[in-house]
Amino acid sequence: MNFSISLSTAKHLFVDACGVANGSKCNISALDYIHFSLIGGIAEVLGTDTQSIVRQSSPIDAFEDYEICIKAKKLNTFISSFTDESKPLKFQFDENKVIVKHGRSRASIATMSCDSYPIPKIVIPIGFQFSCDADSFKSAISGIFYGKANNDVIPFLNHINFSINSHQMKLYTSDGHRLAKDIIQLENSVDDLNGILPFKLAEMLLQAQPDGTLAFSLM
């Protein structure tokens, strides 16, 4: 399986997905890879660390259906090191590796079968457990982020704990020594709901700066 794509297309497809996979701290070795598929001339790349998912797609000039997983860190380093858009990136897949070329530069990158890759199932919710004002959520989350833990000893302390009753959401972070908390008024909610908001989800919402109402469905 061989194909060539522009450098800009390669960066669009691979860089963000590789970044998520490369940042994984979980003990699932398959997540050190990104999942690449080519179906009907459409290339799709997926990277995940079980908390965040990046999925990118683009049409490319190749029509042989193909599916493989590629080691994320080395691929990301190789692609990100180039700026010359006049030269394409060439991919040549072999049994256990892919050779990637850009001009006179080349890299041999490990691949693996897709059989053991845990592709996340994305379910579109038909209803929401609670919703709140985006500005109130951002203010509360940013105000208590400092209190969460940053290690793997007690995993649930690395995230944001919440409880919901009477249209109020109480948020807590703790590293086992200190406690930070805040309360958000909810627009709509179910009662007697407790759980954990992954800190990466909160970070993504803060970076995206959503406006209006945020609605959450817990699955």
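The values are calculated or read from the model by the stated rules, or taken from the named source; none is laboratory data. Keep in mind that this is a model prediction, so the values were computed, not measured. Note that each Cβ is placed from the backbone with ideal geometry, even for glycine, and that neighbours are counted across all protein chains shown. The protein model used for the area step is the full one, side chains on, heavy atoms only, and it has no ligands, DNA or RNA in it. Shrake-Rupley method; radii C 1.70, N 1.55, O 1.52, S 1.80 Å.
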For residue 134, are the conditions met, namely being open to solvent by less than 20 Å² (accessible area, probe 1.4 Å), small (Gly, Ala, Ser) and under 21 Å from residue 215 (Cα atoms)?
yes
For residue 116, are the conditions met, namely being of a type outside the set (Phe, Trp, Tyr), at pLDDT below 90, in contact with a helix residue (DSSP H, G or I) (Cβ under 6 Å, 6 or more places away or on another chain) and open to solvent by 70 Å² or more (accessible area, probe 1.4 Å)?
yes
Condition first: over 16 Å from residue 110 (Cα atoms), within 11 Å of the chain's Cα centre (by Cα), buried (at least 21 other Cβ atoms within 10 Å of the Cβ) and not hydroxyl-bearing (Ser, Thr, Tyr). Can you find one or more residues in segment 3-19 that meet it?
yes
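To keep it simple, each residue is scored yes or no on (1) closer than 30 Å to residue 183 by Cβ; (2) of a type in the set (S, T, N, Q); (3) at pLDDT below 80.
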residue: 95; (1), (2), (3): no, no, no
residue: 101; (1), (2), (3): no, no, no
residue: 110; (1), (2), (3): no, no, no
residue: 120; (1), (2), (3): no, no, yes
residue: 127; (1), (2), (3): yes, no, yes
residue: 132; (1), (2), (3): yes, no, no
residue: 141; (1), (2), (3): yes, no, no
residue: 152; (1), (2), (3): yes, no, yes
residue: 155; (1), (2), (3): yes, no, yes
Is there a residue being among the hydroxyl-bearing types (Ser, Thr, Tyr) and under 29 Å from residue 159 (Cβ atoms) anywhere in segment 17-32?
yes
Among strands (runs of 3 or more DSSP E) entirely within segment 140-219, at least 2 residues that are surrounded by 17 or more Cβ atoms within 10 Å (Cβ to Cβ) occur in 160-165, 168-174, 179-189, 213-216
Set 88, 59: member being farther than 30 Å from residue 163 by Cα, exposed (fewer than 12 other Cβ atoms within 10 Å of the Cβ) and modelled with pLDDT of 90 or more:
59
Select from segment 31-48 the residues that are closer than 30 Å to residue 199 by Cβ, open to solvent by less than 10 Å² (accessible area, probe 1.4 Å) and touching a helix residue (DSSP H, G or I) at 6+ places or on another chain (Cβ under 7 Å) and list them in ascending order.
31, 34, 45, 46, 47, 48
